1. Does A:Tyr139 satisfy the criteria of being closer than 22 Å to A:Ala307 by Cβ and touching a Cys at 6+ places or on another chain (Cβ under 9 Å)?
2. Go through B:Thr455, B:Thr368, B:Thr364, B:Thr412 for me and flag whichever is closer than 26 Å to A:Gly180 by Cα, in contact (Cβ under 8 Å) with a residue 60 or more places away in the chain and either surrounded by 15 or more Cβ atoms within 10 Å (Cβ to Cβ) or within 40 Å of the chain's Cα centre (by Cα) (or both).
3. Would you be able to say whether some residue in the range B:557-580 is buried (at least 22 other Cβ atoms within 10 Å of the Cβ), within 14 Å of another protein chain (Cβ to nearest Cβ), in contact (Cβ under 8 Å) with a residue 60 or more places away in the chain and over 27 Å from B:Thr455 (Cα atoms)?
4. Being modelled with pLDDT of 90 or more and aliphatic (A, V, I, L, M) narrows it down to one of B:Ile475, B:Ile497, B:Ile564, so name that one.
5. So, in the range B:403-461, exactly how many residues are more than 25 Å from B:Val511 (Cα to Cα) and either at pLDDT below 90 or assigned to a helix (DSSP H, G or I) (or both)?
6. Within the bounds of the range A:382-389, is there any residue that is out of contact with any strand residue (DSSP E or B) (no Cβ under 7 Å at 6 or more places or on another chain), in a helix (DSSP H, G or I) and surrounded by fewer than 21 Cβ atoms within 10 Å (Cβ to Cβ)?
7. Can you give me the number of residues within the range A:46-63 that are more than 18 Å from A:Ala311 (Cβ to Cβ) and in contact (Cβ under 8 Å) with a residue 60 or more places away in the chain?
Amino acid sequence: MFSRRLMTSALRSLALVVCATLWPGNAQAEDKPLVLWHAYRVQERAALEKTVDAWNTGGRGAHPKIKLLAVPYDAFADKITAATPRGHGPDLFIFAHDRVGDWAESKIIEPIEFWMTEKHADTFILKTIDALCYGDSLYGLPMAFKSTLLFYNKKLVPEPPHTTDDLWRVGQQLTDRKAGRYGLVYDNAKLYFHAPWLHGFGGMIFDERGKLHISSKAAVAAMNFARKISGPTGIVPPESTSTLTTTLFAHGKVAMAISGPWMVGELKKDLEVGAIPLPIVSSTGKRAAPFMGAEGIMMSAKSKRKADGFAAMKFLTSDKMALLRAKAARQPVANKAAWLDPTVKADALLSAFYAQLKFAKVMLGTPEMRLVWSPYDMALQKVVVGGGPAAPALAEAQHEVQRFLESSRKGKVQP
Amino acid sequence: MKRKHITGALLTALFAGSAVAISAAAVYLSALNSGEKAIIESPARAYAAALALRVAKDASPPTAQTALAAVTQNAKALEHISVVVEPRSTKYRFLRKRRFLAANDAKRVGAVLNKQSPLDKRLYDAASSVRSAGKPLLELRSPQDSNLTVLAAAPVMREGKHYATAIVITAPKAPPVPAPAWPLFACGLALFAFALLAALFAPRLRHVLVLLGVIGMSGFSWWWTSGVSAAYTANLTHTLAGLQRTLGTSGSLDALSASPSPWALIIGIPLALVISLLALFGVGRRMAASMAEHRLAYTLLIPAGLGMALLVLLPFVYGLALGFFNHQHGEYNFVGLKNFVEILSGGDRPLSHPLNFYFTLGVTVLWTAVNVFLHVTIGLALALVLKDPLLRFKGIYRALLILPWAMPNYITALIWKGMFHYQYGAVNHVLEIVGLEKVSWFSSFSTAFIANVTTNTWLGFPFMMVVALGALQSIPGDVYEAAAVDGAPRHKVFFHITLPLLRPALYPAIVLGSIWTFNMFNIIYLVSAGAPNGSSDILITEAYRWAFQRGDRYGLAAAYALIIFVVLFFYSKIANRLSRVSEDG
């Protein structure tokens, strides 16, 4: 008897739950807002909220409103990849361009060039548009660009270095191993932060035809340079990481740092920080060129209101809204017009980013590029941190990436 | 008739029913994959290919329109058909103003695609895909109104260059199938009834009947599928012949073959057979007997059982299946045992290479052995000290010693990582004070390994201590008193009384501890992060890297996980047997 009563009540509550979930919602499809996911925090988030308010209170015309949803950065890409194919994702989202290739291939993001005009594309900085292209399609409208810069502590470095020879000289003067003081700090075992040297010495990862060039003389020279500055007589503290970069620079233990805009928020107000583009590599005369990443608004391929979505994207990346973001959040925005504004021009940090942009190299957003990071980081670990020879480490990285490329192509079945 | 008997019969029938259901589902899926889909797709493909061929011969707008009319004169099912021409290139490689070269809506010929129209967006994207891939495109999509449409597109080539794209959109109709699906269900019902009746009235015959039924089902399934395949071929031939006549040429209409996918059958039928064999060997009867005996227990177990099935069994089976697939851009392709071969053959890497499976396995085994040894030794030693009746402030010590265990282990791991830093870490600081050389912990395998082991020992010994402490307290005091009376020395007391009496409690703790350590992801990932060169990675972190850092190879990672499972499964089996032997001895 007991068990039967238990079963009945269990069934009854189950039925209630089912009814509750199946009950049709009152909201009509047309009234539903467009959902926009982003991973912005603090100032950038506030600025984005302002632009969305501008859309919701008038800018939208007959289009639906936008509803913002903040998603933590670490989980963002995986959530998009998991939720979108099943139709649970957002209509629009803001993310860096480095996954564009994967998402385009998996048909997670929508090509948007259908709605574009030449005049509209001209309002953006070309490199940021380039970053969001994959194949012959455009997959997002750029919001901002990001790259690394040379930050320096104005108190410790009165005259910031403009060449690598200068950097070495100034760095040597500032380094005092016993006291734990160093000239320069950066995450030297990561390709992202090593890229400026790689490009400055004339190296590259892929050429225009997609051929791999990891193991080249220029790449060896760049790695030897990084090994020299990170070595036992160098100017970089051992075992540098991103966290250590911020900590050491913030506490004045290290006078210069190669880092990105994310570091600025972590520094105390009273620290006098200068930022300039990365130096010229003395032996080649070329600029050290960091990777440039673009953040863009992308559209889910599963969105039900794509034309509306594009109108919203266009509004949020318009010159007016970009200027608002540049002023309120000090974001290096992707619109050309915003950089003509006197307030933006007067901002030293933003100007440094703009100056660096000229020399920055657009990071590839292809699936192939994603296979490069891990083996290349391993080579850097061996050479720059471990002090081993550069040529064999790079040859092995090239070999390893080649293998990954082949094995990932092998599984692809041609329809 | 006995109640037990009826339950047994019902269960057998249930087995038979599910076997039939599975094989029916397999047949249906397989037919859907091979026949129906192809029948739906093939006309659209053929018309697009024919249109592309015809337009390529003479591509001026009026003749393109004539070609379109010629190709579509017999095809009433086509909803939309058009040829979209490629524009001149602009400043941006992605910007193209496409216009209609020919369209079934004659008014649109020559017009530019309309930016407000969702249909035009679809045509535009199809043209882009065909252009970038350089080959025909086929997509099935159910847009807003949820009606399935098929879009087929083929490139129109002129002088070796992509000139335009021929696009056909159809709303597929139900294809002609030689036999409807209902006989399958009828057959299943009949088998269910047979099994029920046989179980009730002819207990011996029911096994034969179940088996006969399933074999019959499988045969029937094959027949049905081959019928669908034949219909598909006939349909395709008919369409092709018509098109060849219209074209008046023998131009090739390639891209029409659709290979049937028999995977549903290959997996489904054996599964059905296995289930029916289980029924045959009386698993159902035994289960029924046990269920009748412990009815309340089973009823109470249902919610937990369902939860386990949902949260443990389902992901496990999913992972198991994933190991046989290769993942690429959201698509999974069956590759059989390739992933396992790649792992177990060492992937052409020498044995000393950190990415070689056996190297990683060696590191993992070493890691587990060293850790468990240290956990047990330190834990046991501390437990013995804490047991000392003369010790004061025991509670405080115990609380302090359990603290490392109580902290979230990733926080501990991150703190230790900081402490092992070359320049600013506490460990090197202490070494310097003592007058030793500073050590670069993460630049060689041995030191990185020591750093990992140190961290994990710090985390792991409290558990063993708690287990040992509990077991020590349960050893009766009179045994020790007897030993003291006999004048046994302390080490003898430990080896002949304490240790043997601790064994029953320590053994499962050691097995559990080694399984935890074997898969201790957090410590390896956070402390050494595999440095240097991935050599201090263990199997589980290696699997993670394949899944998320080296090109989304989920299949390979799942295969790794399965291998880890097999290793641990046999380890615990052997450990169990050993413990039984030692208990008997």
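1. Yes.
2. Testing whether each residue is closer than 26 Å to A:Gly180 by Cα, in contact (Cβ under 8 Å) with a residue 60 or more places away in the chain and either surrounded by 15 or more Cβ atoms within 10 Å (Cβ to Cβ) or within 40 Å of the chain's Cα centre (by Cα) (or both) leaves just B:Thr455.
3. Taking every residue of the range B:557-580 in turn, at least one turns out to be buried (at least 22 other Cβ atoms within 10 Å of the Cβ), within 14 Å of another protein chain (Cβ to nearest Cβ), in contact (Cβ under 8 Å) with a residue 60 or more places away in the chain and over 27 Å from B:Thr455 (Cα atoms).
4. None of the others qualify; the one that does is B:Ile564.
5. Residues that pass the stated criteria total 35.
6. Among the residues of the range A:382-389, not one is out of contact with any strand residue (DSSP E or B) (no Cβ under 7 Å at 6 or more places or on another chain), in a helix (DSSP H, G or I) and surrounded by fewer than 21 Cβ atoms within 10 Å (Cβ to Cβ), which makes the answer no.
7. So the count comes out to 3.
Here is a yes/no grid of residues against (1) within 12 Å of chain B (Cβ to nearest Cβ); (2) among the basic types (Lys, Arg); (3) part of a helix (DSSP H, G or I); (4) under 17 Å from the mean Cα position of the chain (by Cα):
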residue: A:Trp339; (1), (2), (3), (4): no, no, yes, no
residue: A:Val344; (1), (2), (3), (4): no, no, yes, no
residue: A:Leu350; (1), (2), (3), (4): no, no, yes, yes
residue: A:Phe353; (1), (2), (3), (4): no, no, yes, yes
residue: A:Gln356; (1), (2), (3), (4): no, no, yes, yes
residue: A:Leu364; (1), (2), (3), (4): no, no, no, yes
residue: A:Pro375; (1), (2), (3), (4): yes, no, yes, no
residue: A:Ala391; (1), (2), (3), (4): no, no, yes, no
residue: A:Glu396; (1), (2), (3), (4): yes, no, yes, no
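The values are calculated or read from the model by the stated rules, or taken from the named source; none is laboratory data. Predicted model only: the values in this text are computed from it and were never measured. Note that we place each Cβ from the backbone using ideal geometry, even for glycine, and neighbour counts take in every protein chain shown.
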